[in-house]
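Asker: Supplied in structure tokens, the structure appears directly below.
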Amino acid sequence: MSLFIIILLVLFFGYAIALVLANNSEIAVNLLFSQVPTTNLGLLLVLTIALGVFIGILLSVLLFRVLQNKLQIRRLYKEKAELQAKLDEANVVIEHSRQSHVLANETKITSPKTITTIETDTHSL
């Protein structure tokens, strides 16, 4: 990968030199708020291309980060929904077991009383 980048930089540098040599006329540049002294047209083209590439790389990196963050947010929302469903399911199971435990305790408590009542009734006869 680094060899590819080196070759790309050498080609860009060669293109820049050829552009400067091919466009050697002097021009004046008006920057709206200031006037730049006359500069070589080829040099101005190379600086403009370099500035455009630099701004394009910055924007693409920022855009990539934004898209990466959106994907991560979407994944986290999905994970949150799955965990919430598991939590709801666990709460239902806990509530069901608590209710069955309460019913079992109520049955244990009421059963001896009814047996005692039946025994008392038979003794009184």
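The values are calculated or read from the model by the stated rules, or taken from the named source; none is laboratory data. What you see is a predicted model; the values in this text were computed from it and never measured. As a convention, Cβ positions derive from the backbone with ideal geometry for all residues, glycine included, and neighbour counts pool all protein chains shown. The area values use the complete protein model at the heavy-atom level, side chains included, leaving out ligands, DNA and RNA. Shrake-Rupley method; radii C 1.70, N 1.55, O 1.52, S 1.80 Å.
Asker: Can you tell me which of 100, 124, 111 is open to solvent by less than 100 Å² (accessible area, probe 1.4 Å) and either at pLDDT 80 or above or aromatic (Phe, Trp, Tyr) (or both)?
Answerer: Details: 124 fails: either at pLDDT 80 or above or aromatic (Phe, Trp, Tyr) (or both); 111 fails: either at pLDDT 80 or above or aromatic (Phe, Trp, Tyr) (or both).
Answer to the check: 100.
Asker: Report every pair of residues separated by at least 6 positions or lying on different chains whose Cβ atoms are under 6 Å apart, first residue within region 35-62 and at pLDDT below 90, second surrounded by 10 or more Cβ atoms within 10 Å (Cβ to Cβ) and of a type in the set (A, V, I, L, M).
Answerer: Pairs found: 36/29; 41/27; 42/19; 42/20; 43/20; 45/19; 46/16; 46/19.
Asker: Given the condition open to solvent by less than 70 Å² (accessible area, probe 1.4 Å) and assigned to a strand (DSSP E or B), answer yes or no: does some residue in region 16-27 qualify?
Answerer: At the first step, the residues of region 16-27 found to be open to solvent by less than 70 Å² (accessible area, probe 1.4 Å) are 16, 18-20, 23, 25, 27.
Narrowing further to those that are assigned to a strand (DSSP E or B): 27.
Checked region 16-27: at least one residue is open to solvent by less than 70 Å² (accessible area, probe 1.4 Å) and assigned to a strand (DSSP E or B).
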